[in-house]
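The values are calculated or read from the model by the stated rules, or taken from the named source; none is laboratory data. Everything numeric here is computed off the predicted structure, so don't read it as measured data. Cβ placement follows ideal geometry from the backbone for every residue including glycine, while neighbour counts extend to all protein chains displayed. The protein model used for the area step is the full one, side chains on, heavy atoms only, and it has no ligands, DNA or RNA in it. Shrake-Rupley method; radii C 1.70, N 1.55, O 1.52, S 1.80 Å.
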Amino acid sequence: MAALADTDWFVPAFREFAAMIWRGFSLVDILLYSAGYNEGGAIPDDKHDLPVSVPVASQVPHAVGLGYASQYRESGDVSIVFFGDGATSEGDFHEGMNFAAVLQTPTIFLCQNNHWAISLPREKQSRSRTLAQKGLAYGMPSLQVDGNDILAVYSAVSEAAKRAREGHGPTMIECVTYRLGIHTTADDPSKYRDEDEVKEWEERDPLPRFQNYMIGRKLLSEDDVETMESEIKDEIDQAWNDTEARIEELPGPEMMFDHIYAERPPYLEAQRESARRANGAGR
Ligand SMILES: Cc1ncc(C[n+]2csc(CCOP(=O)(O)OP(=O)(O)O)c2C)c(N)n1
Ligand SMILES: [Mg+2]
């Protein structure tokens, strides 16, 4: 996102928290959303950001539509959409890619190939030698970059954005990376993958790698790192305290019954009341 303008359209999947922080989302909103409160996912009207999209690849056509609108209105805005290796098997991905290439929309398709779609490994996801070649098949410039090299990704996105702004259409960028952590808090990767593979990729973790690069170039000192880490830790602790305070003020699980029926049928009203009481007792 650092390579793009605030007015460009940011279309995330569910793994873009760093990009969201860059775009100005507050930690409290991010934590609130992750704790199950939609209030944390609300986007102010003047922002060119879309909310988190959980249904895999469903965000791809949205980004293409935004690019198409930008082209039609000649606003000069680029749209960028994030998705995973698993998403490249979904219909929405293929429909979006084809539409973008045919209409030459200013759209960047940013694939985070982290080698896993929950428990499904990359080699069982697709027979294609690279994921980037799927973009070539649709007729758009496509490239594979080292996704753990921050500067390589920055450079690839900058070039794609320049092409899009000059009217040369979409680009697909496959960032080759690895999901070091668990997929979600309900996941146990030890059931399906080898610890040695994880260890190998830990060596290529983009954060220490970029930090070492900056220290080597004397752009950052060990002291700076220590100060920043302690400031960030405080910021996170504060954000979590603030999030808990916000949660206290919000309705509990009974809100799942809201916004479904204009007038709630009696049996849902009873369930809602029971959820409200159970939640109150838990607090
Ligand atoms: C349409 C749809 N099918 C299944 C799921 C369940 N699901 C959530 S994430 C995920 C895997 C996604 O893999 P990938 O696209 O590689 O993204 P990653 O999580 O690795 O970043 C699946 C199958 C979903 N959210 N949406
Ligand atoms: Mg993946």
Checklist entry - Is it the case that ALA18 is open to solvent by 40 Å² or more (accessible area, probe 1.4 Å), of a type in the set (A, V, I, L, M) and either free of Cβ contacts under 8 Å to residues at least 12 places away in the same chain or within 29 Å of TYR138 (Cβ to Cβ) (or both)? => result yes
Checklist entry - Just for region 74-124: of the residues that are touching a His at 6+ places or on another chain (Cβ under 8 Å) and acidic (Asp, Glu), which one is least open to solvent (accessible area, probe 1.4 Å)? => result ASP85
Next on the checklist: Among the residues of region 56-65, what is the count of those that are open to solvent by 40 Å² or more (accessible area, probe 1.4 Å) and more than 16 Å from ligand 1 (Cβ to nearest atom)?
Outcome noted: 0
Checklist outcome for this item: If we take region 83-143, then helices (runs of 4 or more DSSP H) inside it with 1 or more residues that are among the aromatic types (Phe, Trp, Tyr) and within 13 Å of ligand 1 (Cβ to nearest atom) are 91-103
Next on the checklist: I'm told PHE257 meets every condition in (1) within 30 Å of LEU180 (Cβ to Cβ); (2) open to solvent by less than 60 Å² (accessible area, probe 1.4 Å); (3) aromatic (Phe, Trp, Tyr) except one. Can you identify the failing condition by its number?
Outcome noted: (1)
Checklist entry - Pick from region 143-174 the residues that are touching a Phe, Trp or Tyr at 6+ places or on another chain (Cβ under 8 Å) and under 17 Å from VAL60 (Cα atoms): which of them is surrounded by the most Cβ atoms within 10 Å (Cβ to Cβ)? => result PRO170
Checklist entry - If you take the residues of region 175-218 that are within 16 Å of ligand 1 (Cβ to nearest atom) and among the hydroxyl-bearing types (Ser, Thr, Tyr), which of them is surrounded by the fewest Cβ atoms within 10 Å (Cβ to Cβ)? => result THR185
Checklist entry - Any idea which of (1) open to solvent by less than 60 Å² (accessible area, probe 1.4 Å); (2) of a type in the set (Ser, Thr, Tyr); (3) over 30 Å from ILE236 (Cα atoms) is the one TYR68 doesn't satisfy? => result (1)
Item to check | Single condition ASP49 does not satisfy, out of (1) within 24 Å of ILE118 (Cα to Cα); (2) under 16 Å from the mean Cα position of the chain (by Cα) | outcome: (1)
Checklist entry - in a loop (DSSP other than H, G, I, E, B) and not acidic (Asp, Glu) - does that describe any residue in region 152-163? => result no
Checklist entry - Say we look at region 69-88 and pick out the residues that are over 13 Å from the mean Cα position of the chain (by Cα) and of a type in the set (Val, Ile, Thr); which of these is nearest to ligand 2 (Cβ to nearest atom)? => result THR88
Next on the checklist: Any residue at all in region 4-18 that's within 12 Å of the chain's Cα centre (by Cα), more than 16 Å from ligand 2 (Cβ to nearest atom) and closer than 21 Å to VAL64 by Cβ?
Outcome noted: yes
Checklist outcome for this item: LEU66 passes all but one of the listed conditions (1) under 15 Å from the mean Cα position of the chain (by Cα); (2) at pLDDT 95 or above; the exception is number (1)
